[in-house]
Structure formats: structure tokens, C-alpha cells
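A quick write-up on the structure given underneath.
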């Protein structure tokens, strides 16, 4: 009975060890990809700095108000592992408000204004039409807020930025996605390691018990 | 904040921070506290400010900076925020220094067989 339990725990340990090794291998692969992507990003940044000027790509260009375009969601699973996944932040309510307030400053009427139009010609129908035409432009600023150009960090460095800076941005975007995957893998590696440790302790306890039982038999 | 998810923080040299901010992870919150730290020669590194923030999910840190505050990183045992060591321009990534891989390697040390 004791021996079969010992065999079972050994098999379980073997399975966990194999899983642990697989996770480490995958982690190493992803690390290599991450490192090469970061290097690629730096290379593109250096190229952009070369074409724009030494001081044009630095911390001095960071905007005074920065809002994230990417966020991550952390889901804790039953096994205790944490899964990280990235998500793009599409629209922000605060920036939407700002854009609308700027739009309000501009002209409210869409068509050409007739300054000398006598008041008596304005009928109720026209007044309704005017009201409806005024309602239309209120919708468009909300759409614009989704594509707020101030949000793109590329614009911090100028309007016409070199292609290499765009390439750098692309590389770092990929790095961000990959880093979430690596963070997930890291937590699962640590989790499996803990499981292995516990499994080993259990196995040693079983071995001690089995050895004690054998010694008792010999003594009898 | 809770609705839109957690942030990614960066502690690194200028180019690393610039790159990741280009990628869109940067934030300056209402208290004007950033989620990034550009480390220069005389910068006082305190990763505790990011480790204590509940709105941060992952901390990316240059490995050479992580080496300076290794005690704090080794003492951090929670899964969130996850700490990821990344290479820097002048210091390539060394897996033997990575805190996670060192812990994993510790699996096969004599202490674990006791």
C-alpha cells in the first residue's frame, strides 16, 4: 500500500518536473524574443535621434499630461497562477470633455450666416430646422475624442517624425505585449516550483513512513 | 482606474523609458505621479513607490538597476505587481542574475532536498 502511494507521488512529481522544465524552456524562448525586440527598438530610436538631432529624442520631449494607451488585466486563476493580458485603452472620458469644450468655442452654425435676414421671415419651421442643425455638430466631437491626436506619444517628438521612430514605437508595442506573456509565465514557473517543493516534502514523508514500516516488520 | 485595468511601470535609463512611453504605457495621474522613473547617475532609486501602488500590474526594470536594489526585489514575493528584468543598452540581459530564474534554479539546490 505504502509503496503504491510512493509510486503515485513519484509519478506526480515527474509530471510536475516535466511541466516545470517546459515552462522554463518557453520562458527562455520568450526572453530571447523580448531582448531582440528591445534591441531593435533602441536601434530605431538611435536612428531617429541621428536624423532628428541629439536632443530631439529624450525625456525632455515627454508631454506634461500623459495618459496610458495600454493597460493590463490580471486574472487570478484557481490554481493561484496570475494571467496578465494587455488591452488597448480606446477612449477616455476626461479627454472627451476637453475636446468638446474646445469645440464649443467655434461657430455653432454650419451654413453661411445671413446677417441682414429680417426677423419676421423666420417661421417656426425654420427655427426647428436650425435647432436640429445645431444638434448635429454636438455628436462629432465625441467621435473625435476617440482619435484624440494628443494621445499618441509619437506626436511629442513632432508632427513629421521619421519612419524609424514609428518603427521604434512598433517594436516597443510588441515588447509590451510580450512582457505581459512573460509575467504570466514567471508566475506559473514560481507556482509550479512551489508545487514541486510541496510534492517532494510529501514524498519524503511517505518514504519515511515506508521505511519505518519495513523496520517494524524486520524487528517483529 | 479599476475599470480600465492596471498599469505597466518602468524603471530604466532614458532610452528604455522613452521607448516604453512611445509604446503607450506612460501615465501621469491626478497627483502628478508618473508610472515611470528615468534613472540617471545621481537618481535615488526607490522601487517601493511602484511596489506599493495597487494600480500597477507589472514593473519593468533594467537589470543593472535591479542589481542595485536586489534586496528589495528578492523580498518581493507577491504575484502582483510582477517584476520583469529587462536588458539595458550597456548591460545585456544575464539570466543568472534574474531573481525569478535564481529562485527556479534554487529548486535543485541542497536546501530543497531536505
### Task
Would you be able to say whether some residue in the range B:50-61 is more than 23 Å from residue A:56 (Cβ to Cβ) and out of contact with any strand residue (DSSP E or B) (no Cβ under 9 Å at 6 or more places or on another chain)?
yes
### Query
Can you name every residue in the range A:21-36 that is facing chain B (nearest Cβ under 10 Å) and surrounded by 15 or more Cβ atoms within 10 Å (Cβ to Cβ)?
A:23, A:24, A:27, A:31, A:34, A:35
### Query
Hey, among the residues in the range A:78-91 that are exposed (fewer than 12 other Cβ atoms within 10 Å of the Cβ) and modelled with pLDDT under 85, which one's nearest to residue A:189 (Cα to Cα)?
A:79
### Query
Checking residue B:15 against (1) touching a strand residue (DSSP E or B) at 6+ places or on another chain (Cβ under 9 Å); (2) in contact (Cβ under 8 Å) with a residue 60 or more places away in the chain; (3) facing another protein chain (nearest Cβ under 10 Å), which test does it fail?
(1)
### Task
Just give me the residues in the range B:30-39 being within 19 Å of the chain's Cα centre (by Cα) and either closer than 13 Å to residue B:50 by Cα or in a loop (DSSP other than H, G, I, E, B) (or both), in sequence order.
B:33, B:34, B:35, B:36, B:37, B:39
### Task
Go through the range A:68-80 and give me each residue that's within 13 Å of the chain's Cα centre (by Cα) and farther than 14 Å from residue A:183 by Cβ.
A:68, A:69
### Summary
Looking across the range A:37-64 at residues that are surrounded by 17 or more Cβ atoms within 10 Å (Cβ to Cβ) and facing another protein chain (nearest Cβ under 7 Å), the single one that is farthest from residue A:170 (Cα to Cα) is A:62
### Query
What do you reckon, is residue B:65 assigned to a strand (DSSP E or B), at pLDDT 90 or above and more than 9 Å from chain A (Cβ to nearest Cβ)?
no
### Output for the range B:44-57, where each listed residue is in contact with a helix residue (DSSP H, G or I) (Cβ under 9 Å, 6 or more places away or on another chain) and either assigned to a loop (DSSP other than H, G, I, E, B) or touching a residue at least 40 places away in the same chain (Cβ under 8 Å) (or both)
B:45, B:46, B:47, B:56, B:57
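Every residue, every condition in (1) assigned to a helix (DSSP H, G or I); (2) crowded, with 16+ Cβ neighbours inside 10 Å; (3) more than 8 Å from chain A (Cβ to nearest Cβ), yes or no:
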| site | (1), (2), (3) |
| --- | --- |
| B:4 | no, no, no |
| B:41 | no, no, yes |
| B:59 | no, yes, yes |
| B:77 | no, no, yes |
| B:88 | no, yes, yes |
| B:91 | no, no, yes |
| B:100 | yes, yes, no |
### Number of positions in the range B:27-39 that are facing chain A (nearest Cβ under 7 Å) and in contact (Cβ under 8 Å) with a residue 12 or more places away in the chain
2
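The values are calculated or read from the model by the stated rules, or taken from the named source; none is laboratory data. Values in this document were obtained by computation on a predicted structure and should not be read as measured data. Virtual Cβ from ideal backbone geometry, glycine too; neighbours counted across all protein chains shown.
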